[in-house]
Amino acid sequence: MIDVRLLTEQFEPGQFIGAFTAAHPGLGGICSFVGEVRGAGGVEALELSHYAPLTLPGMAALAQTASDRFGLMGILILHRTGQMAPGEPIVCVSAASTHRRAAFDAVDYAMDHLKSQSWFWKREKRAGQWHWIEPRADDYADLSRWD
């Protein structure tokens with residue numbers, strides 16, 4: 001089961017993870033990661049925009065690749081768009097597998113791709129001013145582990 005969604009409103013990750021877990025009887029493990037807007041450094045807000053014809057198909061392709069590569073029972077990828085406040089969830093990735101290592105690796109793989117090869121434009125608001133955010137060198141280094 002592959003479940004990929006773009007969300008425009010705040011969400012509660014546990015509700016999605018609970019339903020995802022219940023949909024996979026007999027699994028060996030679920031690994032989940034939830035990323036939230038950081039408020040450090042005076043961040044007042046984060047805004048993500050995207051190009052709709054590429055975003056959801058790209059996320060679905062990433063989910064399928066992760067599922068195939070790690071032999072998953074299922075993968076869930078949720079990603080927010082729009083404006084968010086510090087502490088709000090941005091992304092949730094969960095993987096279900098018969099063995100824990102596959103679930104851990106699949107979530108790590110998906111997050112590395114979402115951080116550096118995604119279809120989103122990000123900007124932060126600090127001191128009342130918006131500034132664009134680009135992936136960091138560390139994000140690209142993390143991604144290169146999967147080559």
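Here, each number is a calculation from the coordinates, and none is a lab measurement. This structure is a prediction, so every number in the text was calculated from the model and none was measured. Methodologically, a virtual Cβ is constructed for each residue, glycine included, from the backbone with ideal geometry; neighbour enumeration extends over all protein chains shown.
Please report the net charge: other residues with Cβ closer than 13 Å to the Cβ of Glu9, K and R +1, D and E -1. Mind showing how you got there, number by number?
Numbers: positive: Arg5, Arg80; negative: Glu12, Glu88.
For residues surrounding Glu9, the net value is 0.
For the stretch 59-127, what does the relative contact order come out to in percent, with C-alpha contacts under 8 Å and a separation of six or more?
29 percent
Where in the stretch 8-89 are there chymotrypsin sites (Phe, Trp or Tyr not before Pro) that are in a DSSP coil and have at most 12 other Cβ atoms within 10 angstrom of their Cβ?
Tyr51
Give me the Kirkwood hydrodynamic radius of the stretch 20-102, using the inverse of the mean 1/r over all pairs of distinct Cα atoms, in Å to one decimal.
On the way: mean 1/r = 0.0698 Å⁻¹.
With all distinct Cα pairs of the stretch 20-102 included, I get 14.3 Å.
Write down the radius of gyration of the chain and its Dmax, each obtained from C-alpha positions, in Å.
Final numbers for Rg and Dmax: 15.4, 50 Å.
Taking a virtual spin label 7 Å from the Cα of Gln15 along the C-beta vector, which residues in the stretch 90-134 bring their backbone nitrogen under 19 Å of it?
Inside the label zone: 90-94.
For the stretch 20-80, run through the trypsin sites (Lys or Arg not before Pro) and keep only the ones in DSSP coil with at most 12 other Cβ atoms within 10 Å of their Cβ.
Arg38
Which cross-chain or sequence-distant (5 or more) residues have an amide H under 5 Å from the amide H of Val43, H modelled 1.01 Å from N in plane?
Under 5 Å from the amide H of Val43 lies no amide H from a residue far enough along the sequence or on another chain.
Are there any helices in the chain, counted as whole DSSP H runs, that stretch 24 Å or more along their axis by Cα and score at least -1.0 on average by Kyte-Doolittle, and if so which?
Taking the DSSP H segments of the chain (at least 24 Å long, mean hydropathy at least -1.0), we get 52-70, 100-116.
Check Thr98: other-chain or 5+ apart residues with amide H under 5 Å from its amide H, H built from backbone geometry?
Gly28, Met73
Please find the FRET efficiency linking Ala23 to Ser144, where r is the Cβ-Cβ separation and R0 is fixed at 35 Å, and quote it to the nearest 0.05.
Calculated transfer efficiency: 0.60.
Please give, to one decimal in nm, the separation of the simple spin-label points placed at Met1 and Gln117, each 7 Å out from Cα toward the Cβ.
Modelled inter-label distance: 2.7 nm.
222 nm [θ] for the chain, helices only, -39500 (n - 2.57) per DSSP H run of 4+, per residue, to 500? Before the final figure, lay out each step's value.
Working: 4 runs with 54 residues, N = 147.
The helix-only estimate for the chain comes to -11500 deg cm²/dmol at 222 nm.
Could you please report the charge total around Gly42, scoring K, R as +1 and D, E as -1 over all other residues with beta-carbon less than 11 angstrom from its beta-carbon? Display every interim value, and only then the final one.
On the way: positive: Arg38, Lys125, Arg126; negative: Glu44, Glu124.
My count for the surroundings of Gly42 gives +1.
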